[in-house]
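**Q** Quick one: structure below, then a few questions.
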Amino acid sequence: MIEVWEALDCESVGERELVAIQAVLSETLGAGAVVSPAAIARELADEGAVLRHPEILHCDTKWREQQLAELFAAGQMDFENLESAAASMGLVETLRASAQEQSDRATLKRLRDLIVHFRQQEDLISRSKIVSAPEKAVAKEIAHWLAVWLEQPELFSNWLNLRQRSPEYRQKFANSLGSRASRP
């Protein structure tokens with residue numbers, strides 16, 4: 001990051017510089033190595049860069065919105081079954097923790113809105129007259145998970161771990177860990 005910033009030969013850092021640094025990180029280290037614009041700005045500030053804060057905030061917000069949209073579009077946010085719902089919630093928790101660390105209220109709100117949307121979907125499925133009883137049970141369980149996340153996101157991972165290890169859960173969902181047969 002520092003090398004790229006120095007190569008850009010600029011004293012202040014804003015959106016253009018952050019996007020350029022992210023592009024080099026992606027090309028050099030791969031897409032998984034790209035960090036948020038706010039994280040890059042913090043590193044550069046420690047090295048003496050003058051930050052153009054409004055641009056950094058705007059750039060970081062756009063980047064986080066794009067990250068959420070890509071997760072959803074790529075099918076990484078999937079609540080079709082218990083396994084994929086658990087994996088999706090892992091991604092949600094990673095994004096939440098990062099946004100929380102950076103005091104990114106906009107991303108936290110978007111995550112919350114996304115979870116509210118998925119909870120509403122699962123509630124509808126759990127009450128549907130055309131869905132099988134096992135599918136309804138899975139949808140009701142996932143809706144419950146999402147409700148817990150909405151109430152206490154900081155505790156969710158530990159709660160889910162305990163829930164999945166409970167005898168009631170294991171007995172109830174022993175045969176439901178695969179895909180739902182069909183969705184309306």
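**Q** Taking the Cα centre of the range 95-184 as the origin and placing charges on Cβ (Lys, Arg +1; Asp, Glu -1), which of Asn158, Pro134, Gln100 is farthest toward the positive end of the dipole?
**A** Selected residue: Pro134.
**Q** Nearest 0.05, what FRET efficiency do Glu65 and Gln171 give at R0 = 41 Å with Cβ-Cβ as r?
**A** Rounded to the nearest 0.05, the efficiency is 0.50.
**Q** Rounding to the nearest 20 debye, state how big the charge dipole of the range 75-177 is about its Cα centre with +1 on each Lys and Arg Cβ and -1 on each Asp and Glu Cβ.
**A** For this selection, approximately 280 debye.
**Q** Right, something else. For the chain, what log10 I(q)/I(0) values come out of the Debye formula at q = 0.16 1/Å, with one point per alpha carbon and no solvent?
**A** So the normalised log intensities are -0.95.
**Q** Would you list the membrane-span-like helices of the chain, meaning whole DSSP H runs whose alpha-carbon atoms span at least 15 Å along their axis and whose mean Kyte-Doolittle value is at least 0.5?
**A** In the chain, the long hydrophobic H runs are 15-29.
**Q** In addition: Show the residues, 5+ positions off or on another chain, whose built amide H is closer than 5 Å to the amide H of Leu51.
**A** Here the answer is Val13, since their amide H atoms fall under 5 Å of that of Leu51.
**Q** What ranking, highest mean first, results for peptides 18-26, 137-145, 166-174 when packing means the other Cβ atoms within 10 Å averaged over each residue?
**A** Per-residue mean Cβ counts within 10 Å order the peptides as 137-145, 18-26, 166-174.
**Q** Here's a follow-up. If contacts are Cα pairs under 8 angstrom and at least 6 residues apart, what is the relative contact order of the range 1-93 in percent?
**A** 27
**Q** Which whole-number percent is the relative contact order of the chain (Cα, under 8 Å, 6+ apart)?
**A** Once normalised by length, the contact order is 17 percent.
**Q** Something else now. May I ask you to compute the full-extension gain from Ala133 to Ala147, defined as 0.36 nm times their residue separation minus their alpha-carbon distance, rounded to one decimal in nm?
**A** 3.0 nm
**Q** Which whole-number percentage describes the relative contact order of the range 75-177, with Cα contacts under 8 Å and a sequence gap of 6 or more?
**A** 27
**Q** Could I ask something else about it? Within the range 142-157, list the residues whose amide N lies under 17 Å from a label point set 7 Å along Cα→Cβ of Gln164.
**A** Within reach of a label on Gln164: 142-149, 154-157.
**Q** Determine the dipole magnitude for the chain: charges of +1 sit on the beta-carbon of Lys and Arg, -1 on that of Asp and Glu, nothing else is charged, the reference point is the Cα centre, and the result goes in debye to the nearest 20.
**A** I would put it at about 1520 debye.
**Q** Give the shape of the range 31-71 as rounded, prolate or oblate, defined through the alpha-carbon gyration tensor: a ≥ b ≥ c are the square roots of its eigenvalues, a/c under 1.5 means rounded, and otherwise the shape is prolate if a/b is larger than b/c and oblate if not.
**A** oblate
The numbers here are math on the coordinates, done by the rules we state, and not lab data. Bear in mind the structure is a predicted one, so any value in this text is a computation, not a measurement. Positions of Cβ are generated from backbone atoms using ideal geometry, with glycine treated the same way; all protein chains shown enter the neighbour counts.
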